[in-house]
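Report on the structure given below.
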Ligand code: UN1
């Protein structure tokens, strides 16, 4: 019998949201073959046709916004306000890349003899494989698929098993407005992912650093382009002149919103100088966050995705305590039958300890003291990841200096680490990312290759 994948609601694990057969390698290859056939026409169709189709896809998603938000709440436990925001973001992404399909598709250059026409044109790569995580079940598939499609590629999407239902519904919605085979979803887990990397023309991945590395290596072995967005261990640096209440509120949300399950979540708060007043404000802000049923309008912190994820958060907190850390709040399971865990703050931890180095991917944040700005910078950069960092200060010179010297892809001054702008480049340094940036105008660099064309006059 074919293996099944099953996606359960994290707030009510008895609720099986979808159960579907896991795609075999053969089925994945068949989907890629179909996509390849479809890509020929799609890639050579007038750009305006692709733009129109992507606008129609945006309409289809917008038309189902309420239903999709409810499905996101149910399947991955994202609080309803954030789920609605994610669907709205997905619609905006589709419209943004629909327009980009009509942007200039290359550049001209002066030719050697001054008479010939020398130009470089962007062309699709062919069929792109997308491997996406469960935590942004519609925005991430679309911020990869929309540019891929806009620039003339066909797409085969393999979502994380825990987000299969949202991906299946997305495919149903956009299938009606796109040519056959241009966007296909294959549900499955590692075998399907491997088969995809083994058969597509380029692969874009978001997920853990360990799997991302495997994807990059497998892609390199085949000589195809890869783009991997992996983890983060994101710091927020709080300088003594920062507004304590406002900063505490922003960091509490960035660390604990959606139970910290974002690669952009704040995992370390580095406080320069006397940490006591800020620590007190942060504990109060975290304890003030509404947690519980993600379908409740007020909820900011819902459950974590699985039982194993909850165990990982509790174990990380315990390990921190074992090495001298102090729990300021949380470190316990939450109420209810789902995978709830209380937002957890720990201080007195060593900057080199696992809680301050690894990506736990849950509502867990470490407070670290720093003697001065240089010390804070050293701690902030002293991890294997480099996705995003925040600095809270009114001192423009220090802000500018840190924005230069933080080893990250996104530096944010007086703004949360989480919440990215789809129209600007996104990606990190070190173990956080591999390959070209996603989103904004940068997306084209990955989803296209260029052909340099010389047209010289024939002898008359
Ligand atoms: C956001 O913070 O708005 O998987 C997006 C992730 C990131 C996306 C974060 N790639 O969490």
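The values are calculated or read from the model by the stated rules, or taken from the named source; none is laboratory data. All values reported here derive from a predicted model rather than from experimental measurement. Glycine also receives a Cβ, built like all others from the backbone with ideal geometry; neighbour counts cover every protein chain displayed.
Quick notes on this structure:
- Selection count where residues are outside any loop (DSSP other than H, G, I, E, B) and either in contact (Cβ under 8 Å) with a residue 60 or more places away in the chain or under 28 Å from residue 381 (Cα atoms) (or both), scope the stretch 331-355: 7
- In the stretch 270-291, residue surrounded by the most Cβ atoms within 10 Å (Cβ to Cβ) [restricted to those that are within 28 Å of residue 84 (Cβ to Cβ) and touching a strand residue (DSSP E or B) at 6+ places or on another chain (Cβ under 8 Å)]: 282
- Taken over the stretch 390-421, the residue count meeting the criterion of being touching a strand residue (DSSP E or B) at 6+ places or on another chain (Cβ under 8 Å) and either within 15 Å of the ligand (Cβ to nearest atom) or modelled with pLDDT under 95 (or both) is 11.
- For residue 324, the test of being out of contact with any helix residue (DSSP H, G or I) (no Cβ under 9 Å at 6 or more places or on another chain) and assigned to a loop (DSSP other than H, G, I, E, B) is passed.
- Members of the stretch 193-214 found to be in a helix (DSSP H, G or I) and under 21 Å from residue 149 (Cβ atoms), listed by number: 193, 196, 197, 199
- Of the residues making up the stretch 216-239, those that are out of contact with any helix residue (DSSP H, G or I) (no Cβ under 6 Å at 6 or more places or on another chain) and within 15 Å of the ligand (Cβ to nearest atom) are 229, 232, 233, 234.
- Test result for residue 260, crowded, with 18+ Cβ neighbours inside 10 Å, on the phi > 0 side of the Ramachandran plot and within 14 Å of the ligand (Cβ to nearest atom): yes
For every residue, the table says whether it meets (1) within 17 Å of residue 94 (Cα to Cα); (2) within 20 Å of the chain's Cα centre (by Cα); (3) in contact (Cβ under 8 Å) with a residue 24 or more places away in the chain.
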| residue | (1), (2), (3) |
| --- | --- |
| 133 | no, yes, yes |
| 140 | yes, yes, yes |
| 146 | yes, yes, yes |
| 151 | yes, no, yes |
| 155 | yes, yes, yes |
| 165 | no, yes, yes |
| 185 | no, yes, yes |
| 190 | no, yes, no |
| 198 | no, no, yes |
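- Residue match in the stretch 88-101 (condition: part of a helix (DSSP H, G or I) and farther than 28 Å from residue 125 by Cβ): yes
- From the options 161, 147, residue that is buried (at least 24 other Cβ atoms within 10 Å of the Cβ) and either at pLDDT 95 or above or within 16 Å of the ligand (Cβ to nearest atom) (or both): 147
- Residue 242 being out of contact with any helix residue (DSSP H, G or I) (no Cβ under 9 Å at 6 or more places or on another chain) and touching a residue at least 24 places away in the same chain (Cβ under 8 Å): no
- Hits in the stretch 37-84 - residues which are touching a helix residue (DSSP H, G or I) at 6+ places or on another chain (Cβ under 6 Å), within 14 Å of residue 173 (Cβ to Cβ) and free of Cβ contacts under 8 Å to residues at least 40 places away in the same chain: 62, 65, 69
- The single residue among 398, 452, 393 that is over 24 Å from residue 261 (Cβ atoms) and surrounded by 21 or more Cβ atoms within 10 Å (Cβ to Cβ) turns out to be 393.
- Test: residue in the stretch 92-102 that is under 24 Å from the mean Cα position of the chain (by Cα), modelled with pLDDT of 95 or more and surrounded by fewer than 15 Cβ atoms within 10 Å (Cβ to Cβ): yes
Yes/no per residue for (1) out of contact with any strand residue (DSSP E or B) (no Cβ under 9 Å at 6 or more places or on another chain); (2) in a loop (DSSP other than H, G, I, E, B):
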{"site": "8", "(1), (2)": "no, no"}
{"site": "15", "(1), (2)": "no, no"}
{"site": "23", "(1), (2)": "no, yes"}
{"site": "42", "(1), (2)": "no, no"}
{"site": "82", "(1), (2)": "yes, no"}
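- Of all residues in the stretch 219-248, exactly one satisfies the criterion of being surrounded by fewer than 22 Cβ atoms within 10 Å (Cβ to Cβ) and part of a strand (DSSP E or B), namely 225.
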